[in-house]
1. Look through the range 193-220, keep the residues that are open to solvent by less than 20 Å² (accessible area, probe 1.4 Å) and β-branched (Val, Ile, Thr), and return whichever of them is farthest from the ligand (Cβ to nearest atom).
2. Report whether or not ARG81 is in a loop (DSSP other than H, G, I, E, B), surrounded by fewer than 18 Cβ atoms within 10 Å (Cβ to Cβ) and either at pLDDT 95 or above or not assigned by TED's automatic domain parsing to the domain that holds TYR15 (or both).
3. Testing GLY121 on (1) open to solvent by less than 40 Å² (accessible area, probe 1.4 Å); (2) of a type in the set (Gly, Ala, Ser); (3) not assigned by TED's automatic domain parsing to the domain that holds LEU172, one condition comes back false. Which one is that?
4. Does VAL188 satisfy being over 14 Å from the mean Cα position of the chain (by Cα), aliphatic (A, V, I, L, M), buried (at least 18 other Cβ atoms within 10 Å of the Cβ) and within 16 Å of the ligand (Cβ to nearest atom)?
5. Tell me, yes or no, whether the range 149-163 has at least one residue that is within 12 Å of ALA119 (Cβ to Cβ) and either in the same structural domain as LEU93 (by TED's automatic domain parsing) or touching a strand residue (DSSP E or B) at 6+ places or on another chain (Cβ under 7 Å) (or both).
6. Show the residue pairs meeting these rules: Cβ distance below 7 Å; 6+ apart or different chains; first residue within the range 41-64 and closer than 17 Å to LEU203 by Cα; second residue acidic (Asp, Glu) and modelled with pLDDT of 95 or more.
7. Against the conditions (1) buried (at least 19 other Cβ atoms within 10 Å of the Cβ); (2) near the ligand (Cβ under 8 Å from one of its atoms), where does TYR15 fall short? Just the number, please.
Amino acid sequence: MTDIAVHLEDLTLGYEGHAALNAITGSVRAGSLTAVVGPNGSGKSTLLKGIAGILQPQSGSCRTAADARIAYLPQISELDRSFPANVYDLVSLGLWQDRGLLRRHRREDRLRIAEALVAVGLAGMEKKPLSALSGGQFQRALFARVMVQDASIILLDEPFNAIDAATVQAMLELIKRWHAQARTVIVVIHDPELVSRHFPETLMVNGTLVAWGETQWVMRARQAPPAFCQHEPARFAAGGR
Ligand SMILES: Nc1ncnc2c1ncn2[C@@H]1O[C@H](COP(=O)(O)OP(=O)(O)OP(=O)(O)O)[C@@H](O)[C@H]1O
């Protein structure tokens, strides 16, 4: 698994006995930046939950390296912002794997949180309650939490939904920074233009795998008749994705 971050083997995921995503096989290269695309209800969020380990396979398997650290950011709409916490509290949750939830933070922890807040443009807003943040500010705080987690695999579910253009740009920069740091980043995203411009690899689903490969290839394959090859042929032949 050294050059593979996530391997899916005939993976089927779903809810209460119903499959939402069927029989997916393939690998995500370590250090790659992948967009997950598909229509509403096609199983994109389900796939991320499966990789995050929140949803157990109905059949098949999803494997990550034993020492992988996974950061998972659900859709913002799934999160409760009325929770009585401030920005600092939220970002510091990123430390729980290292420090537990109730430990006092050390100086280096406070520094890590402060650096993350600067990186997302929220320096000075530590004490602001979550309920007082705009959608964009809340998303920035969530990205800061991901930074603090220092994960090798980062899963983001529709991070650009309902946020302002400046925040989209700032979050894209962070994603590119994580990619440059050789982290594996997988992002559910709807906007095809953002996918084409910023994501080298794309995984397209619609209840099952539709196409998986270099983004330009997947975008062309999308136009092809339904019986096209699911994996980009050159890469597949060269030993998998
Ligand atoms: N908790 C759940 N319980 C039962 N069914 C669910 C649950 N979550 C999702 N589903 C169903 O699983 C299928 C895939 O949903 P999923 O949220 O993965 O799609 P998606 O591609 O992320 O959609 P969207 O783009 O609208 O967010 C849908 O039919 C959905 O109704």
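1. THR215
2. Numbers: in a loop (DSSP other than H, G, I, E, B): yes; surrounded by fewer than 18 Cβ atoms within 10 Å (Cβ to Cβ): yes; either at pLDDT 95 or above or not assigned by TED's automatic domain parsing to the domain that holds TYR15 (or both): yes.
Judged against the criteria, ARG81 is a match.
3. GLY121 satisfies all of (1) open to solvent by less than 40 Å² (accessible area, probe 1.4 Å); (2) of a type in the set (Gly, Ala, Ser); (3) not assigned by TED's automatic domain parsing to the domain that holds LEU172 except (1).
4. no
5. Looking for residues that are within 12 Å of ALA119 (Cβ to Cβ) and either in the same structural domain as LEU93 (by TED's automatic domain parsing) or touching a strand residue (DSSP E or B) at 6+ places or on another chain (Cβ under 7 Å) (or both), one finds none in the range 149-163, hence no.
6. Listed pairs, sorted by first residue: SER45/ASP157; LEU48/ASP157.
7. For TYR15, the exception is condition (1).
This table checks each residue for (1) more than 30 Å from GLU126 (Cβ to Cβ); (2) within 16 Å of the ligand (Cβ to nearest atom); (3) outside the structural domain of ALA182 (by TED's automatic domain parsing).
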site	(1), (2), (3)
ALA20	yes, yes, no
SER27	yes, no, no
ALA30	yes, no, no
SER42	yes, yes, no
SER45	yes, yes, no
SER61	yes, no, no
THR64	yes, no, no
ARG106	no, no, yes
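The values are calculated or read from the model by the stated rules, or taken from the named source; none is laboratory data. This one's a predicted model, so the numbers in the text were calculated from it and none came from an experiment. Glycine also receives a Cβ, built like all others from the backbone with ideal geometry; neighbour counts cover every protein chain displayed. Please note that ligands, DNA and RNA were not included when accessible areas were found on the heavy atoms of the full protein model with its side chains. Shrake-Rupley method; radii C 1.70, N 1.55, O 1.52, S 1.80 Å.
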